[in-house]
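For reference, the structure discussed in these notes is given below.
Every read-out reported here was derived from the displayed coordinates using simple, explicitly stated rules and does not represent laboratory data. Note that the structure is predicted; figures quoted are calculated from it, not measured. Glycine gets a Cβ as well: all are built from the backbone with ideal geometry, and neighbour counts include every protein chain shown.
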Ligand SMILES: C[S@@+](CC[C@H](N)C(=O)[O-])C[C@H]1O[C@@H](n2cnc3c(N)ncnc32)[C@H](O)[C@@H]1O
């Protein structure tokens, strides 16, 4: 594992973050639904040699997708996640740093994934980072970026307690302008978060809201979820996500 210079990302008191992440993974359909959509994009990738996962987290996507490639490179700034992945998958080439600091060039990849990571990066830097991601693709390769959609119950939850400020539409527009509409694809992913208890759903909402300061508003958030998400037998929160994929043309 390669530990690069630069700031590392520590998620909310790591133990609590990992507990929330595990709970999230066990009570939602997100990763399965996302894998299906990513599989549709992967069908169009010309060669399956090298896969780069940017912000791999716990490896819920990296590990199943890596089986389709000869080699997998991971960039993960969170030391615990990177260390877990290096133990779990010793063959991965892991850079424990931010994508901004990862020494990847001039390596080229057939598939580059950046799933639910751009929220952690200042939006002003997105064009530069996305250009770098695209630049790392081999001809015939694909870049896939997944982000929370501006519609759906999770977006409403954001609007109720903070604001929804992920400029997904701006990114989509910029990709079309830069790489040509014919090379950009959009797919939606629907994630159903289902819990038996209101407390678990409140944990999930706090996980999605990212900022630990929302924990002080737990009672308020619990009340909102009780009103909005109660269904027979439990609680359900629907999250809509968008997958933006950009292909790099083969040389003519
Ligand atoms: C919400 S998790 C997503 C994990 C995984 N990609 C998925 O979709 O299941 C976000 C991950 O991005 C990582 N991350 C945050 N800032 C990053 C950056 N600048 N470069 C690369 N990864 C970053 C975090 O450490 C965290 O593991």
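Between 0 and 90 degrees, rounded to the nearest ten: what's the tilt of helix 218-229 against the longest Cα principal axis of the chain?
Tilt relative to the chain: about 90 degrees.
Please give the helix 79-88 orientation as an angle from the longest Cα principal axis of the chain, in degrees from 0 to 90, rounded to the nearest 10.
Once rounded, one gets 70 degrees.
Sort 216, 16 by Cβ crowding within 10 Å, fewest neighbours at the top. Present the calculation step by step, with values, prior to reporting the outcome.
On the way: 216 9, 16 15.
Least to most surrounded, the residues fall as 216, 16.
Exposure proxy check: 60, 95 ranked by fewest other beta carbons within 10 Å?
Working: 60 18, 95 23.
So the ranking, lowest neighbour count to highest, is 60, 95.
Using a Gaussian network model of the chain whose springs link C-alpha atoms within less than 10 Å, name the residue from 122, 191, 183 with the highest mean-square fluctuation.
122
Please work out the FRET efficiency for the pair residue 192 and residue 83, using the Cβ-Cβ distance as r and a Förster radius of 41 Å; give the result to the nearest 0.05.
After rounding, the FRET efficiency stands at 0.85.
In terms of the Cα gyration tensor, with a ≥ b ≥ c the square roots of its eigenvalues, is the range 104-160 rounded because a/c is under 1.5, prolate because a/b exceeds b/c, or oblate?
The shape class here is prolate.
Between residue 159 and residue 63, take the C-beta separation as r, use R0 = 45 Å, and let me know the FRET efficiency to the nearest 0.05.
Details: r = 34 Å, r/R0 = 0.75.
Computed FRET efficiency for residue 159 and residue 63: 0.85.
Between helix 126-135 and the chain, what is the angle of the helix's C-alpha long axis to the longest principal axis, kept within 0 to 90° and rounded to the nearest 10?
For 126-135 against the chain, the angle is about 40 degrees.
At 37 °C and 0.692 mPa s, what whole-number value in µm²/s does Stokes-Einstein give for the translational diffusion of the range 1-128, with Rh from the Kirkwood sum over Cα pairs?
After rounding, the answer is 215 µm²/s.
Could you please rank 197, 108, placing first whichever residue has the fewest other Cβ atoms within 10 Å of its Cβ?
Least to most surrounded, the residues fall as 197, 108.
Among 169, 237, 113, which one moves the most in a GNM of the chain with springs linking Cα atoms closer than 10 Å?
Largest GNM mean-square fluctuation: 169.
How long are the three semi-axes of the equivalent ellipsoid for the chain, computed from the Cα gyration tensor as the root of 5 times each eigenvalue, in whole Å, largest first?
The three semi-axes for the chain are 31, 21, 17 Å.
For an R0 of 22 angstrom, estimate the FRET efficiency from the Cβ-Cβ distance between residue 121 and residue 199 and round to the nearest 0.05. Display every interim value, and only then the final one.
On the way: r = 32 Å, r/R0 = 1.44.
So the FRET efficiency works out to roughly 0.10.
For the range 71-207, what is the Kirkwood estimate of the hydrodynamic radius, computed as the reciprocal of the mean inverse distance between distinct Cα atoms, to one decimal in Å? Don't jump to the answer; show the numbers that get you there.
On the way: mean 1/r = 0.0580 Å⁻¹.
One decimal place: 17.2 Å for the Kirkwood radius.
For the range 180-250, just the Cα set please: Rg and Dmax, both in angstrom.
Taking only Cα atoms of the range 180-250, I get Rg and Dmax of 17.1, 54 Å.
Given labels modelled 7 Å from the Cα in the Cβ direction, how far is it in nm from residue 178 to residue 3?
Between residue 178 and residue 3, the label points sit 3.2 nm apart.
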